[in-house]
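Notes to accompany the following structure.
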Amino acid sequence: MNKNKITINHIQRMKINKEPISMVTAYDYSFAKLIESTQIPMILVGDSMGNTVMGFDSTIPVKINDIVRCTQAVKAGCPDKLIIADLPFLSYQIDFKNTLLNVKKLIQDGGADAVKLEGGKNVTEIVKRITDAGVPVMGHIGLTPQSVNQLGGYIVQGKTKDSEKILINDAIALEKSGAFSIVLELIPSELSKQITKSIEIPTIGIGAGINCDGQVQVLHDILGLNPNFTPKHSKMYANLSEIVIKALKNYDEDIKNNEFPNSTNSFFTHK
Ligand code: KIV
């Protein structure tokens, strides 16, 4: 293995050393290359590509081959990071043979280092069998976007005593099944603190407050690539949509004014 490669051991050591862990999503080569030049150790090729890249209103239409293609592109740009690829909706519920074939696609064809799947106690048998096959698994509890129709919307989870208990037990069950880390999405801060204290594997929050071992955000949200969507749990670190629109308008104007291409952008027979 490449000696600069981030592994799940690095990530687990970060929790022991109380070093906050950052993770960001990526779906293509160009952004992956930019992320490679940062200290962010983990990249998620998330099924959020359904919203950010494909323009669907949920992650439900995303298929395994969409994730495989994007994982290949991310891997090409980010060979040293720990790359986690999402198992999309219904790619791990049919039967174990089908699940393992999908995991094989993400690992062997896509080049992912680990996979992520949504669910708590209901997926522990699957998590155990995938990890038994030698593939690291990241869990994902709280708001699980693939179940948005069953949850009735993108709603904060774990707000009642009963649901708090269920989520704590889900996290403990995922750890026991072999998960190396768990995403906590849209849950109260106090609950993510309790979960983080209850397990030894790192918790990675999104909309789960400051008390997790790490944080994950959707790349398009933190870079301001979708000006019509600024979720409360995110923070815009750049307004790239403004910069891109301005550049495209300048390009269009230059063409209309016959200012592009000029002689420096052109080729000539005798030069
Ligand atoms: O697909 C995704 O981007 C995710 C994160 C929101 C955790 O699952």
Taking the chain and counting helices only, DSSP H stretches of n ≥ 4 at -39,500 (n - 2.57) each over all residues, the nearest-500 ellipticity at 222 nm comes to -11000 deg cm²/dmol
With +1 on each Lys and Arg Cβ and -1 on each Asp and Glu Cβ, and nothing else charged, work out how big the dipole of the chain is about its Cα centre, in Debye to the nearest 20.
540 debye
Within the chain, longest stretch clear of exposed GluC sites (Glu not before Pro) (DSSP loop, no more than 14 other Cβ within 10 Å):
1-199
Based on the inverse mean of 1/r over its pairs of different Cα atoms, what is the Kirkwood hydrodynamic radius of the chain, in Å?
19.7 Å
With the chain treated as a Gaussian network of Cα nodes joined by springs under 10 Å, which of V68, V244, V148 yields the largest mean-square fluctuation?
V244
Whole-Å distance, taken between Cα centres, linking the stretch 170-200 and the stretch 4-44:
19 Å
Taking springs between alpha-carbon atoms closer than 10 angstrom, which of F260, F96, F56 fluctuates most in the Gaussian network model of the chain?
F260
With +1 assigned to the C-beta of every Lys and Arg and -1 to the C-beta of every Asp and Glu, and no other charges, what is the dipole magnitude of the stretch 1-125 about the Cα centre in debye, to the nearest 20?
440 debye
Pick from L87, L167, L248 the residue whose mean-square fluctuation is largest in a GNM of the chain, springs joining Cα atoms under 10 Å.
L248
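May I have the convex hull volume per residue, in Å³, for the Cα set of the stretch 86-200? Don't jump to the answer; show the numbers that get you there.
Details: hull volume 11.3 nm³, N = 115.
Hull volume over Cα atoms, normalised by residue count, gives 98 Å³.
Laboratory data are not the source of any read-out in this text; all were calculated from the coordinates shown. Keep in mind the model is a prediction, meaning the values are calculated, not measured. All Cβ positions, even for glycine, are placed from backbone atoms using ideal geometry, and neighbour counts span all protein chains on display.
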